[in-house]
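The values are calculated or read from the model by the stated rules, or taken from the named source; none is laboratory data. From a predicted model like this one, the values you see are computed outputs, not experimental measurements. Backbone-built Cβ (ideal geometry, glycine too); neighbour counts: all protein chains shown. In case anyone asks, the SASA skips ligands and DNA or RNA and just uses the protein heavy atoms, side chains included. Shrake-Rupley method; radii C 1.70, N 1.55, O 1.52, S 1.80 Å.
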Amino acid sequence: FRVTYNRTFNDKIKLTMGYEMDALQTDLNYHFQNLENGVFVPDMQKTNDFTNNQLNNAIYATLEYKVGKFGMLMGLRPELMNIKSHLFSLDSIVSNNYFMVYPTLHTAYQLNDNNELQLNYSLRVNRPEADDMNPFPEYQNPLSLRAGNPYLLPEKIHSIEAGYQWRKSATTILGTLYYRYTADKLTTVTKYLDNSILLTTKENLNSSQSAGLELIINTDIKKWMNINLSGNVYYDQINAEKLGYGKNKNNIAWSSALNANFNIFKGAMLQLNSRYTSSSLLPQGKREGAFITNLGAKYEIPSTNLSIMGTVSDLFNTFKKIYTIDTPQLKQRIEQWRNPRIFYIGIIWNFGSSQHNDKQNLKYDESL
């Protein structure tokens, strides 16, 4: 539910204010059965029901100010978050409520028609999902359990960015130097329950920080092709001291992504997107690099409101998630991949005021 008020005072000042309420309930039911004498019998020791309720009340205000070549956008968003996790199998309720204020400041200075300088600050939040807060274990196999943590705190991300943008006709180049500090960073840890059973769960780190350079290039090649290419190189450091895994683990990481849209002929669009991420830090080890390429197509049938679309996820069958755990107590290598690949074919019907978009990003299934 949202109510918004807008007012333009003059050609220099614009104010936006509002109230927003988000209510979400997630029910997670995990029922386990054993085969006994040819009959499936419920196992009440492993069966559980979990409900997570999240209620977010927020007010927000943004003030936009522009004079000459200088522009500024200031924002403030106080939020009251109420989280209640009902653990039915234990007849227990865990509450996790907090109040936060999120400020933003974006500034831009137009050097000329093609060049612009930017300086920004923001405080953002990344909240755990309901599945991350479900403490009841899922039995991946008798020796490997996975469970959430109802006491998780949200990540709070302070971000400072200084950018330079060059724009001419259909080409935009944006370079950004940034520093980000994350308090209570969400992470995954694996621990022993006993000598043979492992539990993988979610925890909050003390903090993490990163600093780096991001470059984004977006361009149109006449009317038949649009390319968006991005790259990111950064220094990463995590503090996992309260989890017992060291205070200052660090490394250099990088990532790149390509998204290309091809207009084959009128109404027909082909999309290729690909990305690579290098290895990154974990409290107990590292996550190795990953590469994926997706392919999709869309055709709008002339004189109708119908479109046909199709996608294939992980075109070259390269996508894997590989985790290495290396601690004095535990050494483990985990590989996750999917076989076979997923093909999707669908029909879209646009009606009412819906508009066609031949550069619409198609959806791909990247779950493992």
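Remark: segment 34-51, residue by residue, has Karplus-estimated 3J(HN,Hα) of 10, 8, 10, 6, x, 10, 7, 10, x, 9, 6, 6, 10, 7, 7, 10, 9, 10 Hz, where x stands for each Gly or Pro and the curve is 6.51 cos²θ - 1.76 cosθ + 1.60 at θ = phi - 60°. Inter-part distance, segment 291-356 to segment 69-85, computed on C-alpha centroids, equals 32 Å. Full extension of the chain between L63 and L76 yields a length gain of 3.8 nm, computed as 0.36 nm times the residue separation minus the alpha carbon distance.
Compute the signed sum of charges (Lys and Arg +1, Asp and Glu -1) over the other residues within less than 15 Å, Cβ to Cβ, of P42.
-2
Each Lys or Arg adds one and each Asp or Glu takes one away; over the other residues whose Cβ falls under 15 Å from the Cβ of L143, this sums to +1. In this structure, the amide hydrogen of N149, modeled 1.01 Å from its nitrogen in the peptide plane, lies closer than 5 angstrom to those of M133, N134, K202, counting only residues at least 5 positions away or on a different chain.
The phi-based Karplus calculation (6.51 cos²θ - 1.76 cosθ + 1.60; θ = phi - 60°) puts the 3J(HN,Hα) values of segment 79-92 at 10, 10, 10, 10, 10, 10, 10, 9, 9, 4, 5, 9, 6, 9 Hz, whole numbers, x for Gly and Pro.
The residue among S92, H158, Q110 whose Cα reaches farthest toward the positive pole of the charge dipole of segment 74-200, with charges on the beta-carbon of Lys, Arg, Asp and Glu, is Q110.
Spin-label model, D49/S144: points 7 Å from Cα along the beta carbon direction are separated by 3.0 nm. The string of couplings for segment 117-126 from the Karplus curve (6.51, -1.76, 1.60, θ = phi - 60°) is 9, 9, 9, 9, 9, 8, 10, 10, 10, 10 Hz, one whole number per residue in order, with x for Gly and Pro. For the chain, the solvent-accessible area of protein heavy atoms averages 60 Å² per residue (probe radius 1.4 Å; ligands and nucleic acids excluded). In this structure, the amide hydrogen of K185, modeled 1.01 Å from its nitrogen in the peptide plane, lies closer than 5 angstrom to those of L205, S207, S208, counting only residues at least 5 positions away or on a different chain.
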